[in-house]
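Right, one structure below, let's go through it.
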Amino acid sequence: MSSDSSETDHLPDSMLASDLTLQAALEAVLFVSTEPVPARELARLLQVDPGRVPVLAMQLNHALAQGHHALEVAEVGGGYVLRTRPEFARFVDRRREPVPTAHLSGPALETLAVIAYRQPITRGEIEAIRGVSCESAINTLIEHHLIREAGRKQSLGRPILYETTTEFLVAFNLRSLEDLPPLGGETA
Amino acid sequence: MMLTTAKLQVRLETFEGPLDLLLQLIRAQKIDIYDIPIAQITDQYLAYLTAVEEMDLEIASEFLVMAATLLDIKARMLFPRIGDKGQAEDDAAGDPRQELSRRLAEYERYSEAGRLFRALALAGSQYGYRSGRPEAPPARFLAPGQNAALLALALRPFKSRLADSPPAELTPERPTILSQIKSWLRELRRRGGHGRFFEVIGQGRPRRYLIAAFLALLELVHQGRLTVVQSPRGDDILIAPGPGWRVRLRHKQGSVGQ
């Protein structure tokens, strides 16, 4: 999480026991989750007001940092996750599946960029922008779960529409599509 | 200011497509996208295609389409079309280069975004997440105290609805070996590389599908991605990862700029 430390450093020293329990409960839920858990879902599971979730996440993050843990709570892909911090990448890299996004080809990344900014979009529309066939790039992106089909466009031939996935947001460390860097150029 | 062949050779494989090539030619000379010296750029573009041809490489059709577009623009700039009323039509339609400039500018934005994405992906790959897709929830069986008669009762409304609905129109599926190779890899990746033939592709598939799936499996074994075992009794074929399991799928389109 990119929250700066000035906020977390000023937490009250004595937190209520229930707060600590909720923090631990949050940790437990995130520990067993293999995908981002939306704040609303967390609020339901912990039986707290949705507004408290970001506070609990911040407190848990603070506690993890204080205890010199490798984990951090992050808001990514439309929800919260527990993940290892970047400085531990070299230790865990050999234990995990190769991260596909780190090895995507130029055409695949360019195609992914077009889809990310213009979704939902058809293959024809992507090809009109890139000026080349994008079939293999699209297949690669689907294989890596970075994009998925999003219904069909109501136009001639009803072509398939594509959109990015939660996995895309997680892989690119984005909370939501609004976190995408602004597209360059005057018409952006 | 022609690009030398040696310079072209180095970059031959690096273009993403005709727009990318044009953009590089324009950038190399610090030309404004909205004021392209079309004759000069067309010559350079064609020189590039000739160089590619001389190296016996296949030129992707997109590059040829762009060559035609450039020549068309060049011609229109030399000889503006004369309309019925005698005035040049292109004056009304605007600069013939306009559409190309617009496409180049748009492409440039996404091309830059693509490069930015590489940095984002690299930064994002430094975080470690819980892996493994959650296992499918266990199938729900009848709860104690319920029985098949209750189940049949529950199904009744659905059955009557089925009878009312018009027969669905089905389009025949035409599986290709390539598509089957991809679906084998996809399905097996989900299963950690192991599986049984019929368990993966399902029972009761059409014969055409079975043949394509089987040929695709043989191809994957040939490529070393998978190994297969079958007992002499003719049981289901057991599939396991081969030495090349982790090798990325090669795409067969060997054309320039892909």
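Tabulated data for the structure shown
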{"read-out": "10 Å Cβ neighbours from other chains, averaged over peptide A:72-80", "value": "1"}
{"read-out": "Neighbour-count order for B:L23, B:L178, fewest beta carbons within 10 angstrom listed first", "value": "B:L178, B:L23"}
{"read-out": "Stretchable slack from B:H222 to B:R196, in nm (0.36 nm times residue separation minus alpha-carbon distance)", "value": "7.6 nm"}
{"read-out": "Neighbourhood charge, 13 Å Cβ-Cβ cut-off, centred on A:A43 and excluding it, Lys, Arg +1 and Asp, Glu -1", "value": "+1"}
{"read-out": "Viscosity 1.002 mPa s, 20 °C: Kirkwood-radius Stokes-Einstein D of the stretch B:177-241 over Cα pairs, µm²/s", "value": "182 µm²/s"}
{"read-out": "As computed over chain A, the Cα convex hull volume per residue (Å³)", "value": "164 Å³"}
{"read-out": "Estimated FRET transfer efficiency (B:Y209, B:R246; beta-carbon r; R0 22 Å; 0.05)", "value": "0.20"}
{"read-out": "Sites A:A24 and B:S61 - FRET efficiency at Förster radius 56 Å, r taken between beta-carbons, to 0.05", "value": "0.40"}
{"read-out": "Ranked B:V200, B:V229, A:V114, criterion: other C-beta atoms within 10 Å, fewest first", "value": "B:V229, B:V200, A:V114"}
{"read-out": "Förster radius 35 Å - calculated FRET efficiency between B:R115 and B:D72, Cβ distance, rounded to 0.05", "value": "0.70"}
{"read-out": "Distance between modelled label sites at A:A128 and B:R233, nm, 7 Å Cα→Cβ extension", "value": "6.0 nm"}
{"read-out": "Dipole magnitude of the stretch A:100-179, debye to nearest 20 (Cβ charges: Lys/Arg +1, Asp/Glu -1, about Cα centre)", "value": "240 debye"}
{"read-out": "Inter-probe distance in nm under a simple model that places probes 7 Å from Cα toward Cβ, at B:L46 and A:R96", "value": "5.3 nm"}
{"read-out": "Computed Rg/Rh of the stretch A:5-94, alpha carbon atoms with Kirkwood Rh", "value": "0.97"}
{"read-out": "Segment A:E41-A:K153, extension gain: residue separation times 0.36 nm, minus the distance between their alpha carbons", "value": "37.2 nm"}
{"read-out": "Estimated distance in nm for a label pair at B:K30 and B:R174, the labels positioned 7 Å out from Cα along Cα-to-Cβ", "value": "5.4 nm"}
{"read-out": "A:S133, B:S111 arranged by Cβ crowding within 10 Å, fewest neighbours leading", "value": "A:S133, B:S111"}
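Coordinate-derived values only; no laboratory data. Since the model is a prediction, treat every value here as computed from it, not as a measurement. A quick note on method: Cβ atoms are made from the backbone with ideal geometry, for glycine too, and the neighbour counts reach across all protein chains shown.
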